[in-house]
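> Below is a structure I'd like to ask you about.
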Amino acid sequence: MKRRKFDLAATPGKAAVGVDDRFAVATPLRKLLNKVFPDHWSFLLGEIALFSFVVLLLTGVFLTFFFEPAMTEVVYDGSYAPLQGTPMSAAYASSLDISFDVRGGLVMRQMHHWAALLFMAAIVVHMLRVFFTGAFRKPRETNWIIGSLLFWVGFLAGFTGYSLPDDGLSGTGLRIASAIMLSIPVIGSWVTSSIFGGEFPGTIIISRFFIAHVLLIPGLLVALISVHLGLVFKQKHTQWPGPGRTNNNVVGERMFPRYALKQGGFFMVVFGVIALMGGLFQINPIWLFGPYEAWVVSAASQPDWYVMFLDGSTRLMPAWEINIPIGDGYVIPPLFWPTVVLPGILVGLSTMYPFLEARHLKDRKSHNLLQRPRDVPARTAVGAMAVAFYVVLTLSGGNDVIADKFQISLNAMTWAGRIGLLVAPPLAYYITYRLCLGLQQHDREVLAHGVETGIIRRLPDGRFVEVHQPLSASNGHADGHGELGYVGWVVPKKMNRLGALGPAIRGFFYPIEKPVEAPVSPGHPPVEARPEREAIGSGESRR
Amino acid sequence: MSTHTEHQAPQGQEPLDVNDPKLTRFDIVREGARRDDIEIVHYEPQVLPGTKAERRLARVVAGFFLITGLAATAFLAIYIWWPWKYEPGRGGDKFYTPLLGLTLGVALLGIGFGILTWGKKLLPKEVSIQDRHEGAVDEEGRTITGQTMLYMADELGVKRRPLLGISLLAGLAPVAAVAAAPLVGGLISHPHKNNQMFTTGFHAAEGGERIRLVREDGRPVRPADISSGGQLTVFPGIEHGVSNRHADSPTLLIHLRDSDAQASRRANERIGHGDYMWGNYAAFSKVCTHAGCPASLFEQQTNRLLCPCHQSQFLITDNARPVFGPASRRLPQLPIEVDSEGFFVAKSDYTETVGPDFWERP
């Protein structure tokens, strides 16, 4: 019997047939490979959050191999000399060991911390993008709600993780957290003593935070992120308006290969930036803070940035205590309002916003086209108001540092924050609203009169006028005015956006050749002379 | 504007025969896309094969990947051979973490930029249009699914046999509680066990000795230990008194100047705390009544105590009344005196609740 020759080249094909025989994946796979994604730089902000989360998982798993989540008192005998012989919790000692006695442990710890900060920052910026462009409108309200939940779950993940090392700074933060729980009317003391297993600090809180931080919260995050991405996939991404783009289609690139390559490359870039930050920029040097001792604190003790707005609201809150004179008397402490009620209101308002706006505008349609912020002045102004509110609170979270560095009275900073919190948001609303209207007007002006050319012409009667380049062929009007409608996308306002400049010369040291003007592969058109001509763009800016 | 080849099938025509040998691979790709309601309307190479530009880009991409290789190798070399153990002073270990981060970061950025250049510059630019099928609501499908679900409900027959539904609810409700019970029951802890929220480490046992005020190292404190205008953090002189087990006990012992002490005593008398001070010495809880941070920044000139967490300020000479910031309650004062051996002792425990406020605080 003759042995059949082994044909190496045919193997992948055969294997593929074998797989498809069993799983029937060829057509679904083609659909996946072909799925079209619209492209715009602002769509990548959420990706940063996703990629940071992946880095968090990777570095976090590493840290769990060395971290000991226990509050057992030990005497430190690691290599960091200044703390040798100090009694401390096992959690803090093992965090010091990660920093000093585990090879490469510090870079991992710092990458984990930076990735967490970046994760939260990317979530916030992504949320702003979605808000200001109206991407949250029907049919995407669910994803907006999941997104706002992701912020708060991420907040919890950050806070529990920040507390784990049990250092002087995080212990103070935990103390404040216990006071916040304690301030809840009626059930406060029960909640606190149940969570802490008795009076603060007890001996169990670090182990409980640990399991929350490494299992429960990440599990919840993974679940929410999966649904979030699944919905983006199912509902298809929104896109900016533009030529050929309608509410009913997606104009962009197929997922493979170009879009997927860009995503993969972007992930590596995010990962790389986190690695650089983790190595080069010190974050949370816990060995300088010492172990947590209930009687030690220093000025300028700020939490991580995403907690600062709550710290600020706590600082600005006037000392309004509500006493209820029944029986022995009951108290609602002032701490309750800025730390429990305010976040509650913020969660409620942010999750309900899509419905509130739709109700206000009586809008029941599905929207797949984004809106430029200037075209929706009221929403943009409301967003600016929220941002102003948030910024005042966050700055107030560090008002003691500002007072110190700029030699301002601390009390003046507090009062500035209190007044600013009331004044800045309405001001931001008004200014933003006017800015939006101004920008709208200018768009219309350019559409009607054309782009300023910078060429001044003297008329026979001696007047000087600037020549405008109309955007469309003149429509019978003597002055060259055409009738161009606004389509909700960028109006060119500079001559070089119209192709008035020659094509850029490519090449770093010397110009490289011009592309050959011939079609090379079947299905390709002859390359036209002007690659800058207006075609259906991919949404990338041509600047 | 768009790529029209002679092979292209106009909209609505029969699908192409993909086994037609005349078709190019791109034709088949386009046909596949079309079957997914995707029209590739524009497909244009950015660099042409064999050109200088293509070779140059390929070199750039290869360069990035080689940088990755170099940086990753450097990472490994540093990881293995660089002195990394902590030494006090300016040891080489100071550069260990930065070098690891730098080499790892450069390695990852090399891959990233390599892939990005490959994808963005070398691959053809394309514009595809995919139909969303928005608005084309499948009314018939909705009806069928709705009827199927209602039919399922009919089959179960809960409407006809209400007993089933009621008994199911009655049976399952306790099961849900059973699931929650161990969690709630295990976690719950009575907040007022041993009256813990209203006592501190200064709470002397029945008929026991008065508790001394001790320093952080456990030594008791004499009046002469604190100069006028000075202050000292003191703890209950009991086992574990200087530890987080008595997180509510740290106390600030202040030696007031004469005039301030008089003002302070007058303020004490106003609220019936006439005997809380000893001489010019007064002791206040260090735990802020706002959020529990140690209110530890004492400003001698104004006799104000500032909490660094939220900037509440307490005026020591007026019973530590909050004068600024979010705190609403004064710092409790510890009644003190000096025992026969000349050391400070607490006359009794705090007479007001120490620490952050809560609902049932009387």
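> At a 10 angstrom cut-off on C-beta neighbours, averaged per residue, how do the peptides A:282-289, A:246-253, A:359-366, B:305-312 rank from highest to lowest?
Result, highest mean first: B:305-312, A:246-253, A:282-289, A:359-366.
> How big is the Rg/Rh ratio for segment A:225-321, C-alpha atoms only, Rh by Kirkwood, two decimals?
Checking Rg against Rh, the ratio lands at 1.19.
> What whole-number distance in Å separates the alpha-carbon centres of segment A:86-119 and segment A:326-372?
37
> Roughly how far apart, in whole Å, are the Cα centres of segment B:327-359 and segment A:415-478?
Computed from Cα coordinates, the inter-centre distance equals 68 Å.
> Moving to a separate point now. Take the Cα atoms of the protein assembly as shown, find their three principal axes, and give me the spread along each one in whole Å, biggest first.
Here the spans come out as 111, 104, 79 Å, largest first.
> Determine ³J(HN,Hα), in whole Hz, for all residues of segment B:63-77 in sequence, where each value follows from phi through the Karplus function 6.51 cos²θ - 1.76 cosθ + 1.60 and θ = phi - 60°; x replaces Gly and Pro.
Values per residue, Gly and Pro as x: x, 4, 5, 5, 4, 4, x, 4, 5, 5, 5, 4, 4, 4, 4 Hz.
> Please average, across the residues of B:319-326, the number of beta carbons from any other chain that are within 10 Å of each residue's own beta carbon, and give a whole number.
Across B:319-326, the average partner-chain Cβ count within 10 Å equals 4.
> To continue, here is another question. Cross-link candidates for residue B:121: which lysines have Cα within less than 20 Å, leaving aside residues fewer than 8 places away along the same chain?
Answer for residue B:121, where 20 Å is the Cα cut-off: A:262, A:514, B:52, listed by chain and number.
> Taking Cα centroids, how far is segment A:182-198 from segment A:234-283 in Å?
Segment A:182-198 and segment A:234-283 have Cα centres separated by 44 Å.
> Around residue B:328, with a cut-off of 10 angstrom between Cβ atoms, what is the net charge of the other residues, counting Lys and Arg +1 and Asp and Glu -1?
0
> What net charge do the residues around residue B:129 carry, taking every other residue with its C-beta under 14 Å from that of residue B:129, with Lys and Arg at +1 and Asp and Glu at -1?
-1
> Something else: Loop only per DSSP, at most 12 neighbouring Cβ atoms within 10 Å: give me the chymotrypsin sites (Phe, Trp or Tyr not before Pro) in segment A:348-443, ordered by residue number. Before the final figure, lay out the partial values.
Working: sites: A:355, A:389, A:390, A:406, A:415, A:429, A:430, A:433; in loops: A:406.
Those satisfying the criteria are A:406.
> Once you average over the residues of A:162-172, how many Cβ atoms of partner chains fall within 10 Å of each Cβ?
Per-residue shielding by partner chains comes out at 1.
> Report, by chain and number, residues whose modeled amide H sits under 5 Å from the one on residue B:214, excluding near sequence neighbours (fewer than 5 apart, same chain).
Those lying under 5 Å, H to H, from residue B:214 are B:235, B:237.
> Can you list, by residue number, the Cys in the protein assembly as shown that have no neighbouring cysteine C-beta under 4.7 Å?
Result for the protein assembly as shown is A:436, no neighbouring Cys Cβ within the cutoff.
> Could you give log10 I(q)/I(0) at q = 0.12, 0.19, 0.22 Å⁻¹ for segment B:213-346, computed by the Debye formula over C-alpha point scatterers of equal weight, without solvent?
For segment B:213-346, the Cα-only Debye profile gives -0.42, -1.08, -1.41.
> In degrees, nearest 10, range 0 to 90: what is the angle between the Cα axis of helix A:410-449 and the longest Cα principal axis of chain A?
Once rounded, the angle reads 10 degrees.
> So, counting K/R as plus one and D/E as minus one, what does the shell of residues with Cβ under 14 Å around residue A:192 add up to?
Residues close to residue A:192 contribute a combined charge of 0.
> Can you give me the long-range amide H partners of residue B:323? Hydrogens built in the peptide plane at 1.01 Å from N, cutoff under 5 Å, separation of 5 or more residues or another chain.
The answer is B:313, B:314, B:315.
> For segment B:354-360, take each phi angle, set θ = phi - 60°, evaluate the Karplus expression 6.51 cos²θ - 1.76 cosθ + 1.60, and give the result in whole Hz per residue in order, putting x for glycine and proline.
My calculation for segment B:354-360 gives 8, x, x, 6, 8, 3, 8 Hz in order.
> Considering only Cα-Cα distances, which of the following residue pairs are longer than 25 Å: A:365/B:120; A:35/B:125; A:405/B:85?
From the list (A:365/B:120; A:35/B:125; A:405/B:85), the Cα-Cα distance tops 25 Å for A:365/B:120; A:405/B:85.
> I need the phi-derived Karplus couplings for segment B:149-162: 6.51 cos²θ - 1.76 cosθ + 1.60, θ = phi - 60°, integer Hz, Gly and Pro marked x.
My calculation for segment B:149-162 gives 5, 5, 4, 4, 4, 4, 4, 4, x, 5, 5, 6, 10, x Hz in order.
> Report, in degrees rounded to the nearest 10, the 0 to 90 angle that the Cα long axis of helix B:25-35 makes with the longest principal axis of chain B.
Its long axis makes an angle of about 70 degrees.
> Still on this structure, please answer the following. Check each of the chymotrypsin sites (Phe, Trp or Tyr not before Pro) in segment A:292-334 and keep only those in coil by DSSP with at most 13 other C-beta atoms within 10 angstrom; list them in order.
The qualifying sites are A:320.
> On to the next question. Need one value for A:176-187: mean number of C-beta atoms belonging to other chains within 10 Å of its residues' C-beta atoms.
The shielding value for this peptide is 5.
> Amide H to amide H, which residues 5 or more places from residue A:103 or on other chains are under 5 Å from it, using H placed in the peptide plane?
When sequence neighbours closer than 5 places are left aside, there are no close amide H contacts.
Laboratory data are not the source of any read-out in this text; all were calculated from the coordinates shown. Please read all numbers here as calculations on a predicted model, not as lab measurements. Note that we place each Cβ from the backbone using ideal geometry, even for glycine, and neighbour counts take in every protein chain shown.
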